[in-house]
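For reference, the structure discussed in these notes is given below.
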Amino acid sequence: PRSEPPFSRPMNPPRPLAALLPVLLLLPIASAAPAADADVRVTKDVAFLAAGRAEKLDVYQPVPRADGRLHPALVWIHGGGWTGGTKNEARADNICRAAAKAGYVAVSIDYRLGDGAWPTNLFDCKNAVRFLRVNAARYSVDPARIGVAGGSAGGHLALMVALTAGAAELDPAGADTPYPGVSDAVRCAVNMYGITNITTRRDVSPQGVPGELRAWSPNALKVYGAADNTAPVLKLASPVTHLRRDSVPLLTLHGKADATVDYLQAEELDRVARERGARHELLLIDGVGHTFDLDKWSKKPLPLNVRSIFLGFLAKHLGEP
């Protein structure tokens with residue numbers, strides 16, 4: 001594995017999420033961000049992959065600072081079961097706009113989908129991190145303070161980005177990257193209701209109660225070129241495989257009423273992290289299902305101030321924006 005660039009600021013020892021909740025829950029729950037904000041500039045459809053690739057990214061920038069200080073940055077990865085979804089989703093706008101208003105440069109990305117997408121889909125996400133490093137001066141980004149986050153399939157890919165930097169078998173090189181030799185290491189990751197172990201995902205009732213091990217659909221297996229649930233590639237593509245004591249800090253947010261991805265996926269990541277001494281903070285939210293953003297689920301306000309928890313985690317590990 002190549003050496004990674006030194007980070008410019010030391011990270012404070014992480015506090016358990018439970019220690020943050022008393023403060024965060026006293027803050028008012030923010031309403032959804034408006035469609036346009038004078039203090040956020042959005043640049044759509046920026047090329048970040050090799051010539052000929054149709055996938056683009058959107059850049060959300062905060063107001064430039066008069067003193068010229070650099071901003072930390074966040075890569076957001078959309079969901080859609082690895083076969084659908086778009087950077088233009090409402091959830092991406094909610095999260096990237098909130099990050100930009102807080103002082104982060106945020107990018108929402110598209111990536112390869114569908115049959116045979118693996119591992120190009122992961123490489124595309126890593127190339128978004130490299131894009132920010134290469135274009136740090138253009139966007140006033142501190143290249144040593146980049147994080148990654150995603151929802152559902154995007155949460156899975158965000159974890160894989162965070163946990164496999166420099167791993168030879170999952171390192172974009174040659175035709176897989178327009179940024180050879182550039183680090184795709186990040187400082188932290190937020191997983192919102194993503195799959196953490198592909199081989200142990202379970203069926204879920206409409207009320208979010210986990211059932212038997214899930215029989216993967218042919219379309220999902222085709223993403224990984226897998227014949228069945230026992231294919232070795234599915235272990236390689238599972239975040240729990242890559243957790244180590246020195247892994248970057250992770251935060252998982254998952255609803256206990258999730259009828260799409262069973263909440264046991266979040267608990268498994270937390271259990272394996274504790275077994276291996278990795279840094280992981282877990283928040284399970286009662287009565288909330290899949291695809292929530294920072295403020296709402298199913299058009300209803302969240303029962304917790306998830307926006308403050310999300311931004312507080314970024315500030316803790318990327319430094320104050």
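Within the range 69-85, count every residue that is open to solvent by 50 Å² or more (accessible area, probe 1.4 Å) and either in contact with a Ser or Thr (Cβ under 9 Å, 6 or more places away or on another chain) or on the phi > 0 side of the Ramachandran plot (or both).
First, the residues of the range 69-85 that are open to solvent by 50 Å² or more (accessible area, probe 1.4 Å): 69-70, 83.
Checking the rest, the ones that are also either in contact with a Ser or Thr (Cβ under 9 Å, 6 or more places away or on another chain) or on the phi > 0 side of the Ramachandran plot (or both) come to 69-70.
Number satisfying all stated conditions: 2.
Exactly one of these conditions fails for residue 299: (1) of a type outside the set (Gly, Ala, Ser); (2) within 15 Å of the chain's Cα centre (by Cα); (3) surrounded by fewer than 20 Cβ atoms within 10 Å (Cβ to Cβ). Give me its number.
Of everything listed in (1) of a type outside the set (Gly, Ala, Ser); (2) within 15 Å of the chain's Cα centre (by Cα); (3) surrounded by fewer than 20 Cβ atoms within 10 Å (Cβ to Cβ), residue 299 misses just condition (2).
Could you look through the range 258-306, keep only residues that are of a type in the set (Lys, Arg) and in a loop (DSSP other than H, G, I, E, B), and pick out the one that is farthest from residue 163 (Cα to Cα)? Talk me through it step by step, then tell me what you get.
At the first step, the residues of the range 258-306 found to be of a type in the set (Lys, Arg) are 271, 274, 276, 279, 296, 299-300.
Still in the running and in a loop (DSSP other than H, G, I, E, B): 279, 299.
On the way: 279: 12, 299: 33 Å.
Among residues in the range 258-306 that are of a type in the set (Lys, Arg) and in a loop (DSSP other than H, G, I, E, B), the one farthest from residue 163 (Cα to Cα) is 299.
Could you please let me know if residue 43 is at pLDDT 95 or above, open to solvent by less than 70 Å² (accessible area, probe 1.4 Å) and over 27 Å from residue 224 (Cα atoms)? Reasoning before the result, please.
Numbers: at pLDDT 95 or above: yes; open to solvent by less than 70 Å² (accessible area, probe 1.4 Å): yes; over 27 Å from residue 224 (Cα atoms): yes.
Judged against the criteria, residue 43 is a match.
Looking at the range 177-196, can you tell me whether even one residue there is of a type in the set (A, V, I, L, M, F, W, C), under 19 Å from residue 124 (Cα atoms) and open to solvent by 20 Å² or more (accessible area, probe 1.4 Å)?
So far as the range 177-196 goes, yes, one or more of its residues are of a type in the set (A, V, I, L, M, F, W, C), under 19 Å from residue 124 (Cα atoms) and open to solvent by 20 Å² or more (accessible area, probe 1.4 Å).
Please give the number of the condition residue 320 fails out of (1) within 19 Å of residue 81 (Cα to Cα); (2) at pLDDT below 95; (3) open to solvent by 30 Å² or more (accessible area, probe 1.4 Å).
It is condition (1) that residue 320 fails.
Cβ contacts < 9 Å: first residue closer than 18 Å to residue 116 by Cα and in a helix (DSSP H, G or I), restricted to the range 74-95; second residue open to solvent by less than 40 Å² (accessible area, probe 1.4 Å) and among the acidic types (Asp, Glu), any location; separation 6+ or different chain. Result?
none
Give the residue that is farthest from residue 120 (Cα to Cα), with candidates limited to residues of the range 199-224 that are of a type in the set (A, V, I, L, M, F, W, C) and surrounded by 16 or more Cβ atoms within 10 Å (Cβ to Cβ). Give the steps one after another, and end with the answer.
Filtering the range 199-224 down to residues of a type in the set (A, V, I, L, M, F, W, C) leaves 204, 209, 213, 215-216, 220-221, 223.
Filter once more, so that each one left must be surrounded by 16 or more Cβ atoms within 10 Å (Cβ to Cβ): 204, 216, 220-221, 223.
Numbers: 204: 29, 216: 21, 220: 15, 221: 15, 223: 10 Å.
Residue satisfying both the conditions and the ranking: 204.
Using the structure shown, decide if residue 230 is in a loop (DSSP other than H, G, I, E, B) and farther than 30 Å from residue 286 by Cβ. Can you show your working first?
Details: in a loop (DSSP other than H, G, I, E, B): yes; farther than 30 Å from residue 286 by Cβ: yes.
Answer is yes for this residue.
Taking the criterion of being more than 30 Å from residue 69 (Cα to Cα), open to solvent by 20 Å² or more (accessible area, probe 1.4 Å), at pLDDT 95 or above and outside any loop (DSSP other than H, G, I, E, B), would at least one residue in the range 244-257 satisfy it?
no
Can you tell me which residues in the range 213-227 are assigned to a helix (DSSP H, G or I), in contact (Cβ under 8 Å) with a residue 60 or more places away in the chain and not aliphatic (A, V, I, L, M)? Walk me through how you get there before you give the answer.
Applying the first criterion (assigned to a helix (DSSP H, G or I)) to the range 213-227 yields 218-223.
Retained after the next criterion (residues that are in contact (Cβ under 8 Å) with a residue 60 or more places away in the chain): 219-220, 222-223.
Across the range 213-227, the qualifying residues are 219, 222.
Please verify whether residue 65 is touching a strand residue (DSSP E or B) at 6+ places or on another chain (Cβ under 9 Å), among the basic types (Lys, Arg) and either closer than 16 Å to residue 155 by Cβ or in a loop (DSSP other than H, G, I, E, B) (or both), treating the condition exactly as stated. If you could, list the steps in order and put the result at the bottom.
Numbers: touching a strand residue (DSSP E or B) at 6+ places or on another chain (Cβ under 9 Å): yes; among the basic types (Lys, Arg): yes; either closer than 16 Å to residue 155 by Cβ or in a loop (DSSP other than H, G, I, E, B) (or both): yes.
It is true that residue 65 is touching a strand residue (DSSP E or B) at 6+ places or on another chain (Cβ under 9 Å), among the basic types (Lys, Arg) and either closer than 16 Å to residue 155 by Cβ or in a loop (DSSP other than H, G, I, E, B) (or both).
Look at residue 97 and say whether it is among the basic types (Lys, Arg), under 20 Å from residue 140 (Cα atoms) and either open to solvent by less than 20 Å² (accessible area, probe 1.4 Å) or more than 22 Å from the chain's Cα centre (by Cα) (or both). Walk me through it before giving the result.
Working: among the basic types (Lys, Arg): yes; under 20 Å from residue 140 (Cα atoms): yes; either open to solvent by less than 20 Å² (accessible area, probe 1.4 Å) or more than 22 Å from the chain's Cα centre (by Cα) (or both): yes.
Considered against the rule, which asks whether it is among the basic types (Lys, Arg), under 20 Å from residue 140 (Cα atoms) and either open to solvent by less than 20 Å² (accessible area, probe 1.4 Å) or more than 22 Å from the chain's Cα centre (by Cα) (or both), residue 97 comes out as yes.
Hey, among 232, 239, which residue is touching a strand residue (DSSP E or B) at 6+ places or on another chain (Cβ under 9 Å), over 20 Å from residue 96 (Cα atoms) and not aliphatic (A, V, I, L, M)?
Working: 232 fails: touching a strand residue (DSSP E or B) at 6+ places or on another chain (Cβ under 9 Å).
Result: 239 is the single residue among 232, 239 that is touching a strand residue (DSSP E or B) at 6+ places or on another chain (Cβ under 9 Å), over 20 Å from residue 96 (Cα atoms) and not aliphatic (A, V, I, L, M).
The values are calculated or read from the model by the stated rules, or taken from the named source; none is laboratory data. Because the structure is predicted, anything quoted here is derived from the model rather than measured. With ideal geometry, Cβ positions are generated from the backbone for all residues, glycine too; neighbour counts draw on all protein chains shown. Accessible surface is based on the protein model in full, side chains and every heavy atom, while ligands, DNA and RNA are left aside. Shrake-Rupley method; radii C 1.70, N 1.55, O 1.52, S 1.80 Å.
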